[in-house]
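J.: Please find one structure pasted underneath; my questions will follow.
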Amino acid sequence: MKNNKILWALGLLAFAVPAFGQGADWALYGGEGGRRFSSLAQITRANVGKLAQAWRFDMAEPGDPQTHPLAVGGVIYAYTPSLDTIALDGATGKLLWRFHSGVKAGGPQRGLAMWRQGKQQRLFAAAGNYLYALDPSTGKPLPDFGEAGRIDLREGLGRDVDKVSVALTAPGVIWRDTIIMGFRTAESAPAAPGDIRAFDVKSGKLRWSFHTIPHPGEPGHESWPADFWKSGGGANAWAGMVLDDKRGIVFAPTGSAASDFYGADRGGDNLYANSLLALDANTGKLLWHFQGVHHDVADRDFPSPPVLLTITRDGKKVDAVAQASKQGYLFVLDRVTGKPLFPITETPVPQSNLEKLSPTQPVPSLPAPFARQHLSEGLLTNRTPQAHAWAVEQFRTFANDGPFPHMRLNQQTIAFPGFDGGAEWGGQAAANGILYLNSNDVAWTGGLADSAAAHGLGARLYQDNCASCHGADRKGAPPTFPSLVESALIDGQMAEVIRSGRGRMPGFNFAGENMAALLGYVRSGQDKEMPSAPDTSPGPAYRFTGYRKFLDPEGYPAVAPPWGTLNAIDLNSGSYLWRIPLGEYPALQYPGWADKSTGSENYGGPILTAGGVLFIAATVHDKKIRAFDPRTGTLLWQAQLPYAGNATPITYMAGGRQYVLIQADNARDKKSPQGAAYVAFALPAKVTP
């Protein structure tokens, strides 16, 4: 093989044989086993510096789809910000077809799924609460699937479909003739229960369902109040799943139970929320589980799909599954048994006077955390003396619990790492037992307030459904959670966003008096009319006051750098090979740092190639895509993007050339021009072997 030397140097020869999702195509979300690895080697460490933009497809609309596309047979399958499904020529970027569902939708839609059997193919795409089966050659819905080519994922969950929000963030997993689905839902009540379900790829009929909030008689039911399964929600597999094809096991990480930050109504450990589940792909039967957080009250759900890889432990090859967390932990487990491959200790954690928490939480001995765990005054910003003094003053008012915080009443609690990681949804790349992982390393704060303070209908609806993101004062935490006080949307536009969702926000089924009351409160912060009788509707005693990023007065993180990192972790030993800052603030020269590489928040993950190159974009402020040497972390190449590449790239072959493709947008940087595009890079034709 032409590139044997490169493959040998990385120890990647075992992965060089093309399989489904590898070779010329990128036909699986996250690649085979979630490893984000490609056997392509036309682009190498030696020539990657010659990469140049090959084509660009502008979508002429703002938004944040965060799409990790598919590439099959030289055709790219992807989403627009309004969640139209598109097909592009992989060599030119020319639009081949566009499917508009008629559903008004937006927000993250990170990938698609392709089913193939002989000459039959089906492309599974989503918009809002609907899953569509499309003809990949035309983009038209296949009428034999569900009703006119789609199924409604709200149905079959034991809830009123008009009162729960369900949408897709990550695509389903194809197993034989089924597609196995999770979904995202609201993070406060009412929320849908997070059932994981398998549907027939041809008919759309339900094959099996696994209750992540167990019903009576099912294992784990005792870890909840007896009737919580009837009305409770969350514990949903929103981050994406990974399949072990050989064994027929699907690995599903689950989210927090609703509500995220106060759980007195769901006493107990709350299985199977915040868990990694190993399910029989044929039946949905639980094979084993690992819970990363017991009775979560800090939104510490597993944020990314797991990664399947083979490592060497005690001189033996072991098939493992690695799961990253928002706390900055990496849990490495035996793929068949769920047994930890590095010791995990149940460690005492601070307790709350508002509800009963778990006395301990699981902490792995190795690898060491990939994000800082405890914030102190010595770790506060030194960007300027004034910024440091301000940060110290603020910090002294916060409660500070470490990696397992709980919220206080009328006081802010520090979350470090913040609510957006440690690890985030972009996932990790892996080969030869080495995992490549990018991490956020900034602080956030949050707190609780008395729910009884909301007396009117609009105030109650806002506090129950909106305040957790946009804050009790409606000012949000821009850019992730925009201010509603400064919103330029007129009532009709805002009502449409509430119904359809946008960004991280799910849709809500408000209408009539409820919608009018909510819009009135959002505009003024006051209810136009007080209720004539006391509010007797059920609800939690305390509500989350909103996500607050700990930023200094000029908008930079109030903790010392690095604010984002890229890590190479050898899971054979649990040791780090290298760790570097990822990203920069172009206008900032931080005292004591030799260059601008302070690191920054990053959303999207890396991919790895047999050519010996690690590609990642992800960084919000510098809007770059980079290539690194995976052996050393040395920067090999970088290019400026038109917008921030807050997605995970892919690589594929088309017309004899290897391309690297990234979806970019500025949704997380509202101060920059808004827009979205797909940008492809390749070697100049004369350089291509």
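Any read-out appearing in this document is the output of simple, stated calculations on the displayed coordinates, not a laboratory observation. In this text, all values refer to a predicted model and were calculated from it rather than measured experimentally. No Cβ is skipped: glycine too gets one built from the backbone with ideal geometry, and neighbour counts run over all protein chains shown.
J.: Under a crude label model (7 Å from the Cα following the beta-carbon direction), how far is residue 264 from residue 411 in nanometres?
T.: That separation, rounded to one decimal, is 1.7 nm.
J.: Further question: If you take every DSSP beta bridge whose two residues both sit in the chain, what share of them, in percent to the nearest 5, is antiparallel?
T.: Among the beta bridges of the chain, antiparallel pairing accounts for roughly 95 percent.
J.: Right, next: Taking only the C-alpha atoms, wrap a convex hull around region 348-454 and report its volume per residue in Å³ as a whole number.
T.: Cα-based convex hull of region 348-454, divided per residue, equals 156 Å³.
J.: Name the aspartates and glutamates eligible as straight-distance cross-link partners of residue 246: C-alpha to C-alpha under 16 Å, and not fewer than 8 places from it in the same chain.
T.: 32, 177, 280, 319, 334
J.: Calculate, for residue 640 and residue 98, the FRET efficiency according to 1/(1 + (r/R0)^6) with r their C-beta to C-beta distance and R0 30 Å; round to the nearest 0.05.
T.: Approximately 0.60, to the nearest 0.05.
J.: Additional query: Let me have the 222 nm mean residue ellipticity of the chain computed from DSSP H runs of 4+ only, each contributing -39500 (n - 2.57), with the sum over all residues rounded to the nearest 500.
T.: For the chain, the value works out to -2500 deg cm²/dmol.
J.: Please give the contour-minus-distance gain from residue 386 to residue 353: 0.36 nm per residue of separation, less the Cα-Cα distance, rounded to one decimal in nm.
T.: Between residue 386 and residue 353, full extension yields an extra 8.3 nm.
J.: Also, I was wondering about something else. Measure out, as a whole number of angstrom, how far apart the alpha-carbon centroids of region 134-188 and region 262-276 sit.
T.: Going from one Cα centre to the other spans 26 Å.
J.: Which value in nm describes the separation of the simple spin-label points at residue 246 and residue 346, placed 7 Å from the Cα toward the beta carbon?
T.: 3.3
J.: Next up: So which of 202/339; 119/316; 326/596; 104/140; 326/356 end up more than 29 Å apart by C-alpha?
T.: Checking Cα-Cα distances, 202/339; 119/316 exceed 29 Å.
J.: Now for a different question. If a/c stays under 1.5 just call it rounded; otherwise compare a/b with b/c (prolate if a/b is bigger, oblate if not). Do that for the chain, with a ≥ b ≥ c from the square roots of the Cα gyration tensor eigenvalues.
T.: In terms of gyration-tensor shape, rounded.
J.: If amide hydrogens are placed 1.01 Å from N in the peptide plane, which non-local residues have theirs closer than 5 Å to the one on residue 192?
T.: The list, which skips near neighbours in sequence, is 165, 186, 234.
J.: I'd like the FRET efficiency for residue 52 and residue 203, computed as 1/(1 + (r/R0)^6) with the beta carbon distance as r and R0 of 56 Å, rounded to 0.05.
T.: 0.75
J.: Any idea how far apart residue 366 and residue 514 come out in nm if each label point goes 7 Å out from Cα toward Cβ?
T.: Taking the two extended label points, one gets 5.3 nm.
J.: May I ask for the distance between the Cα centers of region 412-448 and region 56-112, given as a whole number of Å?
T.: Each part's Cα centre sits 27 Å from the other's.
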